[in-house]
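To start, the structure itself, in structure tokens.
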Amino acid sequence: EGRIVKVGRTTNTVYVLPGKQDELQESLGNKIKLRLSNTSLKEHEVVDEINSRLPFIVKARESIRSIFDYAFSEMLNNAIEHSKSKFIEIDVSKEGSDLCFVVNDFGIGVFKNVMKKRGLKSELEAIQDLLKGKTTTEPQAHSGEGIFFTSKIADVFVLESFDYKLTIDNTIPDVFVEETKRLKKGTKVTFRIALATKKHLSDLFKNYSVDPNEPNFDKTKVEIKLYTMGTIYVSRSQARRVLTSLDKFRHIILDYDKVPTIGQAFADEIYRVFQSRHPDIKIESTNVKEAVKFMIDRSKGSGKM
């Protein structure tokens, strides 16, 4: 008859009078922390449980609920299917005006797993590949888009595994990779977004599609500064690392922020060799300093960008 409202389910069910849901939020709290056994675990059931127990998510706008459902499901699914961890810890909370969640496993580690399955030399190379998108250790079952899009829609996204910590701060925006002294076995994902955000998943997907009317992930952005450690970009081999797997895309944006100069071989490999092999792929360069522009123009044999 509409005289009472049901919130939660099973043993967590609470009934309140219409209009009293706000008061209930204080009694239920703004946080859930669970330790889950990774046996026949299904991410959609965990999402349903969280949504039923955290009123601040239920009250949030549809756009933020969609972002949470997508991002949390993708990160939990990665832990379920790839980590080989017996247990997975999750933490979902409201911190001030932000929605935050953590997915923490104790398995093989995302960077080490990508490194091993793709035959890479280091965890750093695995991080570089993950940031391009479409990187997966099981191409028959996964598209490799989960981490990429989750990191882009977050305000702050942190991925910690064994020796490395990757931080993507989209409020600045900037990307940070650091070696950690504290060894983290497995993988820990931390996600934060403002509840008042104006972001929409549909807009994000369109930003990485050459044709906004077609839902194809065929556009990506690469941070060139992540491909070296304290040196300039001079070698052809460095350029080849940048270009690895980029032939899957139709539009590539190379961001030269904080890159003072590049070498002739580096520029030639990208702007002449790769471009001649893939004439249908558009290569766009951004945040280009004068010295970098000179080498790019020289490799193209033109005075135009």
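What is the projected area of the convex hull of the Cα atoms of region 98-200, averaged over all directions, in nm²?
6.9
Restricting to DSSP H runs of at least four residues, report the calculated mean residue ellipticity at 222 nm for the chain, -39500 (n - 2.57) per run over all residues, nearest 500 deg cm²/dmol.
Rounded to the nearest 500, it is -9500 deg cm²/dmol.
Keeping every protein chain present and rolling a 1.4 Å probe, give me the accessible area per residue for region 182-305 in Å².
Accessible surface, normalised per residue, equals 53 Å².
Is the C-alpha gyration tensor of region 222-292 telling us rounded, prolate or oblate? Criteria: a/c under 1.5 is rounded; beyond that, a/b larger than b/c is prolate, otherwise oblate.
Verdict is prolate for region 222-292.
Please list D218, D203 from largest to smallest accessible area, probe radius 1.4 Å, with all protein chains kept in place.
Ranked list, largest accessible area first: D203, D218.
Probe radius 1.4 Å, ligands and nucleic acids left out: which of H251, H200 has the largest accessible area, and how do the rest follow?
I get H200, H251, largest accessible area first.
Report, for the chain, the % of DSSP beta bridges that are antiparallel, rounded to 5.
Restricted to the chain, the bridges split so that about 80 percent are antiparallel.
Determine the relative contact order of the chain: mean sequence separation of Cα pairs under 8 Å and six or more apart, normalised by residue count, in whole percent.
That works out to 12 percent.
When all protein chains stay in place, what accessible area (Å², nearest 10, 1.4 Å probe) is found for S40?
Only protein atoms counted, so the area is about 100 Å².
(i) 31, 22, 18; (ii) 51, 18, 14; (iii) 41, 21, 16: which one is semi-axes √(5λ) of the Cα gyration tensor in Å as calculated from this entry?
The listed entry that was calculated here is (iii).
So what is the relative contact order for region 55-177, in percent, with contacts set as C-alpha pairs under 8 Å and at least six apart?
16
Report the far tail of the P(r) of region 150-285, meaning the percent of Cα-Cα pairs longer than 23 Å.
Within region 150-285, distances greater than 23 Å cover 46 percent of Cα pairs.
In whole angstrom, note down how far apart the Cα centers of region 58-96 and region 262-304 are.
Centre-to-centre (Cα) distance: 40 Å.
How compact and how long is region 28-180, expressed as Rg and Dmax of its alpha-carbon atoms in Å?
That works out to 15.5, 48 Å for Rg and Dmax.
Per residue, how many Å² of accessible area does region 73-176 show with a 1.4 Å probe?
38
The values are calculated or read from the model by the stated rules, or taken from the named source; none is laboratory data. What you are looking at is a predicted structure, and each value in this text was computed from that prediction instead of being measured. We work out accessible area using only protein heavy atoms, side chains counted, and drop any ligands, DNA or RNA first. Shrake-Rupley method; radii C 1.70, N 1.55, O 1.52, S 1.80 Å.
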